[in-house]
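Below is one structure, written out as structure tokens; the observations come after it.
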Amino acid sequence: MTEHPLITELSDGVLTLTLNRPDKLNSFNEAMHMALRAGIERAHEESAVRAVLITGAGRAFCAGQDLGDRDPRKMDGPPDLGHTLETFYNPTLRLIRSLEKPVIAAVNGVAAGAGANVALACDIVLAARSARFIQAFSKIGLTPDAGGSWSLSRLVGEARAKGLALTAEPLPADRAADWGLIWKALDDDDLMPEARAFAAKFAAGPTRGLGLTKMSIQSAATQSFSDQLDIEAGFQREAGRTADYAEGVSAFLDKRNPEFRGQ
Ligand code: T3D
């Protein structure tokens, strides 16, 4: 029986999506693309989902595109990779960025090509110390995709973005954290417990406030200071009307822990 390319589990508000093609280092084929997209769509639709955790089965996070599906010797002519990006990668990346809930990537091993850039599109990236991030594209004559050119240049600046993309040198998790490419590198055995703890904390948090925080930080990249002040005011107006805000302030005044309900 063929294993499902994505293991999906919803527990206590956390939707865990595990890329599950370990023999191919969880590289993307069409079935895994569609399953991951369906998982993120579910997170958009279901209020029971309050945080998403993406990780990989086996020793890798994701090795990008399954190159077995791109064998030139089995094709009539060159593939239209613009079409495959528009059809498979870009919709999922847009869904991750537009999801008004936190998305955590637990990078358990190598993350290469589009696999690295799917991780970098997430909101909190945790990586095992043994993990490496590889912009593998230049090794096969391609150019960064899955949002990599955007994420790299914003997260680590042009010099490091160009260095990573042009050389395809593996970047160890510790250095990725030092450079600000990811949130944290962790001992391998600590990765999943800590990632689950993060996800649980978000899932028990003020969901609307967290979602607006994500949107606010993302919007700041393309706004003037003055326009961003207006956006903050609009978001704060909305956050201030939530039951979770009332609970947060009440709990502070009562000197107790808040019980957020995601409302
Ligand atoms: O095509 C489009 O639609 C456009 C979009 C493109 C997006 C992209 O992601 S392009 C970039 C594609 N990815 C790569 O170029 C990375 C290829 N993989 C590697 O460079 C290495 O495998 C790694 C550095 C990731 C890991 O190296 P290592 O030494 O730890 O493992 P390995 O021995 O190379 O791989 C283990 C197995 O996984 C091996 O299979 P085997 O020999 O045991 O049967 C290998 O062939 C397979 N594998 C690894 N990556 C891929 C893969 N199979 C298919 N596609 C892969 N990307």
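The residue that is surrounded by the fewest Cβ atoms within 10 Å (Cβ to Cβ), counting only those in the range 118-145 that are within 12 Å of the ligand (Cβ to nearest atom) and part of a loop (DSSP other than H, G, I, E, B), is Gly141. Filtered by the rule that a residue be away from the ligand (no atom under 11 Å from the Cβ) and surrounded by fewer than 16 Cβ atoms within 10 Å (Cβ to Cβ), the range 39-77 gives Glu41, His44, Glu45, Glu46, Ser47, Ala48, Pro72, Arg73, Lys74, Met75, Asp76, Gly77. Residue check: Gly115 meets all listed conditions (1) out of contact with any strand residue (DSSP E or B) (no Cβ under 6 Å at 6 or more places or on another chain); (2) in a helix (DSSP H, G or I); (3) within 13 Å of the ligand (Cβ to nearest atom) but one, namely (1). Looking for something within 18 Å of the chain's Cα centre (by Cα) and of a type in the set (Val, Ile, Thr) - is there at least one such residue anywhere in the range 159-174? Scanning the range 159-174, I find no residue that is within 18 Å of the chain's Cα centre (by Cα) and of a type in the set (Val, Ile, Thr), so the answer is no.
Applying the set (1) in contact with a helix residue (DSSP H, G or I) (Cβ under 8 Å, 6 or more places away or on another chain); (2) over 30 Å from Arg261 (Cβ atoms) to Arg97 leaves exactly one unmet item: (2). For Leu99, state whether it is away from the ligand (no atom under 12 Å from the Cβ) and over 30 Å from Thr167 (Cβ atoms). Yes; evaluated as a whole, the condition is true for this residue.
For Ser130, the requirement of being closer than 21 Å to Gly82 by Cβ and assigned by TED's automatic domain parsing to the domain that holds Arg59 is not met. Could you pull out the residue among Leu36, Leu85 that is crowded, with 23+ Cβ neighbours inside 10 Å, not polar (S, T, N, Q) and not in a loop (DSSP other than H, G, I, E, B)? After ruling out the rest, the residue left standing is Leu36.
With respect to Glu169, determine if the residue is charged (D, E, K, R) and touching a Lys or Arg at 6+ places or on another chain (Cβ under 9 Å).
Working: charged (D, E, K, R): yes; touching a Lys or Arg at 6+ places or on another chain (Cβ under 9 Å): no.
Taking the combined requirement at face value, the residue does not satisfy it.
The values are calculated or read from the model by the stated rules, or taken from the named source; none is laboratory data. For clarity, every value in this text was computed on a predicted model and none was experimentally measured. When we count neighbours, we look across all protein chains shown, and the Cβ atoms used for this are built from the backbone with ideal geometry, even at glycine.
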